[in-house]
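Down below is the structure, laid out as C-alpha cells.
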Amino acid sequence: TIITDERWSLLIPLSEKQAANLKDRTSIRVKFLKDDLTQTGDFSIKEIDGSKYGKIDFNKGLIRYASDRFLEIELVTNNVTGLKVPLSSIVTKEFYAIPSKYMTTDKDTQQSGFMLSGRNKKGNSTTTFINTGIYGRDEATDEKTQKVSYIYYVDKSKFNALVEPDSGEKFIIGDTEVLEGVYCINQGYAVFRRIEILDENEEYAVVSKETYNGLVRYDRIVKNADKVSEQDILY
C-alpha cells in the first residue's frame, strides 16, 4: 500500500445505546491502547447492513498504525475522573435510613452510634447504646426551615426502634434505601463499601472518590461479586 497523505479513518461497531449517546457528536477523542496516545477526529454514524458504526476521520497519525488492520481503542467521551471498577464488582444492598438527629456519642468509648429502645425481662423500658458502621450518608433539607442535616444508612440487622438523645423522642425504623457498592477485602474479608457511579461503559464504571465511607485509591475489591457474600473470609 502506498501512503500519500495522513488522512485516514476508523470504523467501530456501536450498540443501540452507544449510538443514541453519541448521535449529536461531530468530533470525538480516541485513546489508542497500542501506545496510549490520544487523538481527536471527526465523528459520524453510519448504518451498514442494518448495524450502526461510528466513523472517525483523522488527518494525522497514520504512520503509527499503517501496519495494523485492527486497533484497540477507547473513546474519551467526557472529562469525568474517579476510580475505575469492573461492572462485575458492583452489588446492591438495602439499608435502614436514619435521620442524623438520632446519632449520639458514647461517653466512655467516644464512639458514634444510636440508642436502641427495648424492654428488660421485667417489661420495663430500656435504652442501649449500639455502635454500628455507617455505610453511607446523604444530605436532607427540611422543607420548612431549609436546615440541612444528614440521612445515615445502617445495617438492617442492627435496629428496630431508636431514641432521640436530647428529647427522648422515639423513632420507629422503617424507611429503607438500596445502595450500590462493592466488596472491599483490605482486611481479608468482604466488607460492603458504597459507590456513586459517575459514568460507565459496557465493562467498567467510574465512581466518585468523594463518597462518604467509600472507596479510596489502592483499595482491594472483589472482581466477581456474585460469587461472594458479605463477611466471607478471602485469602
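The values are calculated or read from the model by the stated rules, or taken from the named source; none is laboratory data. As the structure is a computational prediction, the values presented were derived from the model and not from experiment. Neighbour counts are summed over all protein chains in view; Cβ atoms, including those assigned to glycine, are modelled from backbone coordinates with ideal geometry. Accessible surface is based on the protein model in full, side chains and every heavy atom, while ligands, DNA and RNA are left aside. Shrake-Rupley method; radii C 1.70, N 1.55, O 1.52, S 1.80 Å.
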Q. Quick one: in the range 2-22, which of the residues that are among the β-branched types (Val, Ile, Thr) and either loosely packed, with under 12 Cβ neighbours inside 10 Å or in contact with an Asp or Glu (Cβ under 6 Å, 6 or more places away or on another chain) (or both) is modelled with the highest pLDDT?
A. Thr4
Q.
Given (1) surrounded by fewer than 16 Cβ atoms within 10 Å (Cβ to Cβ); (2) outside any loop (DSSP other than H, G, I, E, B); (3) not polar (S, T, N, Q), identify the lone condition not met by Tyr153.
A. (1)
Q) Restricting the search to the range 117-131, which residues are small (Gly, Ala, Ser) and surrounded by 12 or more Cβ atoms within 10 Å (Cβ to Cβ)? A) Ser117, Gly118
Q) Where residues in the range 132-148 are surrounded by 12 or more Cβ atoms within 10 Å (Cβ to Cβ) and modelled with pLDDT of 85 or more, which of them is farthest from the chain's Cα centre (by Cα)? A) Ala140
Q: Considering each residue of the range 78-107, count those that are open to solvent by less than 60 Å² (accessible area, probe 1.4 Å), assigned to a loop (DSSP other than H, G, I, E, B) and free of Cβ contacts under 8 Å to residues at least 60 places away in the same chain, and give that number.
A: 1
**Q.** Number of positions in the range 202-221 that are more than 12 Å from the chain's Cα centre (by Cα) and farther than 20 Å from Tyr153 by Cβ
**A.** 5
Q: State all residues of the range 48-77 that are under 26 Å from the mean Cα position of the chain (by Cα) and open to solvent by less than 50 Å² (accessible area, probe 1.4 Å); if no residue qualifies, say none.
A: Ile73
Q: Within the range 120-145, count every residue that is part of a strand (DSSP E or B), of a type in the set (Ser, Thr, Tyr) and under 22 Å from Gly214 (Cα atoms).
A: 1
Q: State yes or no: is Val178 hydrophobic (A, V, I, L, M, F, W, C), modelled with pLDDT of 90 or more and not in a strand (DSSP E or B)?
A: no
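Take the conditions open to solvent by less than 70 Å² (accessible area, probe 1.4 Å), more than 22 Å from Glu230 (Cα to Cα) and in a loop (DSSP other than H, G, I, E, B) and apply them to Gly168. Does it pass?
When the stated conditions are applied, Gly168 passes them.
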Q. Residue check, Ser44 against (1) over 29 Å from Ala140 (Cβ atoms); (2) assigned to a strand (DSSP E or B); (3) open to solvent by 60 Å² or more (accessible area, probe 1.4 Å), all met but one. Which one?
A. (3)
Q.
Being polar (S, T, N, Q), over 26 Å from Arg220 (Cβ atoms) and open to solvent by 40 Å² or more (accessible area, probe 1.4 Å) is the requirement here; does Asn186 meet it?
A. no
Q. Can you name the condition, by its number, that Phe192 falls short on among (1) without any contact (Cβ under 8 Å) to a residue 12 or more places away in the chain; (2) surrounded by 15 or more Cβ atoms within 10 Å (Cβ to Cβ)?
A. (1)
Q. Just to be sure, is Phe114 at pLDDT 85 or above, open to solvent by less than 60 Å² (accessible area, probe 1.4 Å) and either farther than 30 Å from Arg25 by Cβ or β-branched (Val, Ile, Thr) (or both)?
A. yes
